[in-house]
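Presented below is the structure to which this report refers.
The values are calculated or read from the model by the stated rules, or taken from the named source; none is laboratory data. Fair warning: this is a prediction, and the values are worked out from it, not measured in the lab. Neighbour counts are summed over all protein chains in view; Cβ atoms, including those assigned to glycine, are modelled from backbone coordinates with ideal geometry.
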Amino acid sequence: MSFKSTLEKLPFYNTAVLPYHYLQSVVAGAKNGWPAKKLHVIGVTGTNGKTTTCFMLWHILNSAGYKTGLMTTVAWGVDDLEPELAHMTTVDALTLNKRIKKIADSGAEYLVLEVTSHALAEFRTLGVPFEIAIFTNLTHEHLDYHKTFANYRAAKGKLFKNADFCILNADDPSCKFYENLSKKYITYGIKNGENRAENIKLGVSGVKYSCGDIKIETKIPGKFNVYNSLAACLAGKHLGLTNEQIENGIKTLDSVEGRMNIIDEGQDFTVIVDYAHAPDALEKVFDSIKGHKGRVISVHGGAGRRDPSTRSVRGAILAKYSDLVIITEDDSRDEDPEKIAAEFIRGAKKEGKVLGKDLIKELDREKAIKLALEKAKKGDVVLILGKGHEKTILRADGPHEFNDTEIIVKLLKS
């Protein structure tokens, strides 16, 4: 374990380094001429749905003829996006400002920026004037860093307190908290909110619904994408786009890498890759396929040094909704993969799964994926969960090239 890793485990570490983070952000902004001030910036935060919402709004704006930059967990840039190789959503202040400057210098008018609680707590977005802030949802995550849910919620609240206009998910219990922080806001949802999705039709290839006189059709499945697309639509409306521009922008976005991606190589079963790694995100993935008649085979594992309290819970969720669960590695870092897997297995056993029967441990992720594909029969769904778009896997000896989608395609073709 490195010296820095040891320091990060100290209970006071995050607070102690805040002055350093603040100074770093001031230097980064000043050195690059506070580049975000040259752009109309839309920030998106929440536990789940941030990346997809960002991609949807970025695509809406670009399709409508407005040159728009994007910075997310998956990629960043303007037209030709560059992959985000670091396992980080909102990058450090120095990198963030350099990239924003590059986007502004390209002639972009807008920037859609995915914003995390870590970034807000550490002042990484200092000096970024948010014209619009979007709230997707809030569930328990990153408590290894924030320690309490209240701290986590408050960290995200900094975005809404400073934004000119906010778009808030009224179906989420934290909505009222953010309403009280916002200068101006509108709400959206399915059950609650001023702007509600109606006539919802869910399918394996996308969702359809209406909101007032807007008719939305996505190519990305899942009920949660009703929320994601509606938030993006309302941002477009606030920026003055027409219904036609918004509808076209959503409909022509084929996919978001690592988010409910269906891998089709001619096999007679469905394979889906998704980034879901929090309990709520896993629940939503399973909810999106609940009408499927075949068996469900799930492959998932937990990252090291990341909120261990959710591991047993995730194991139980996998067991509850899957016919076969395969527990494997994720970014174990300097934690023992066997120990991480044991916590998932404990949760799965509580839901009745039997190790060696409908619960399998295979810590080599490629072998785990291969096993899932081999066991799949006609009409089944295979879910490869947790890493999504990521191009590396972090083990004790450092990063190794690894991409779920590439591995799956290779195995299906072999």
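Restricting attention to segment 195-207, report how many residues are at pLDDT below 95 and more than 17 Å from Asn261 (Cβ to Cβ). Before you say what the answer is, go through the steps one by one.
Taking segment 195-207 as the starting set, the residues that turn out to be at pLDDT below 95 are 201-207.
Applying the additional criterion that residues be more than 17 Å from Asn261 (Cβ to Cβ) yields 201-202.
Selection size over segment 195-207: 2.
Identify, please: which residue in segment 374-406 is buried (at least 20 other Cβ atoms within 10 Å of the Cβ) and over 22 Å from the mean Cα position of the chain (by Cα) and is, among those, farthest from Phe55 (Cα to Cα)?
Among them, the one singled out is Ala376.
Is it true that some residue in segment 42-51 is at pLDDT 85 or above, more than 30 Å from Leu394 (Cα to Cα) and not assigned by TED's automatic domain parsing to the domain that holds Val285?
Yes - at least one qualifying residue is present in segment 42-51.
Based on this model, can you work out whether Gln267 counts as surrounded by fewer than 22 Cβ atoms within 10 Å (Cβ to Cβ), of a type outside the set (Lys, Arg), touching a residue at least 24 places away in the same chain (Cβ under 8 Å) and part of a loop (DSSP other than H, G, I, E, B)?
Yes.
Can you pull out every residue in segment 89-121 that is in contact (Cβ under 8 Å) with a residue 60 or more places away in the chain, of a type in the set (A, V, I, L, M) and crowded, with 24+ Cβ neighbours inside 10 Å?
Passing the criteria: Ala93, Leu96, Ile100, Ile103, Leu111, Val112, Leu113, Val115.
Please give the number of the condition Asp323 fails out of (1) crowded, with 22+ Cβ neighbours inside 10 Å; (2) farther than 26 Å from Val256 by Cβ.
Unmet condition: (1).
Go through (1) farther than 30 Å from Lys158 by Cβ; (2) among the aliphatic types (A, V, I, L, M); (3) modelled with pLDDT under 95; (4) crowded, with 22+ Cβ neighbours inside 10 Å one by one and return the number of the condition Ala276 breaks.
So the condition that Ala276 fails would be (1).
Return the residues of segment 186-224 that are under 22 Å from Phe165 (Cα atoms) and assigned to a strand (DSSP E or B); say none if nothing qualifies.
Passing the criteria: Ile186, Thr187, Tyr188, Gly189, Asn195, Arg196, Cys211, Ile214.
Results for (1) within 30 Å of Tyr110 (Cα to Cα); (2) of a type in the set (D, E, K, R), shown as yes or no for each residue.
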residue: Gly240; (1), (2): yes, no
residue: Ala276; (1), (2): yes, no
residue: Thr310; (1), (2): no, no
residue: Lys320; (1), (2): no, yes
